[in-house]
1. Give me the pairs, please: first residue somewhere in the stretch 5-18 and at pLDDT 90 or above, second residue anywhere and surrounded by 10 or more Cβ atoms within 10 Å (Cβ to Cβ) and not aliphatic (A, V, I, L, M), beta-carbon distance under 9 Å, and either six or more positions apart or on two chains.
2. Taking the condition of being touching a residue at least 24 places away in the same chain (Cβ under 8 Å) and not aliphatic (A, V, I, L, M), how many residues in the stretch 21-49 meet it?
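The values are calculated or read from the model by the stated rules, or taken from the named source; none is laboratory data. All of these numbers come straight from a predicted model, not from anything done at the bench. Counting neighbours? That spans all protein chains shown, and the Cβs are built from the backbone with ideal geometry, glycine included.
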Amino acid sequence: QGMQQGMQQGMQQGMQQGEHKKAIEVARAALDEGMGIGVVSKISGLSEEEIRRLLIH
């Protein structure tokens, strides 16, 4: 039972990481199209601070 719970937690973490990676991809594409930080934050679900960090890199 402990092993199964560990596997479920691992899968959930992997899915969350994948969702975050996709949000970053969406944000980068929106920024490339000239959208503002506030709009990009709303459509991607990332914070404005995270969006600003994307602009630096």
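1. none
2. Result for the stretch 21-49: 1.
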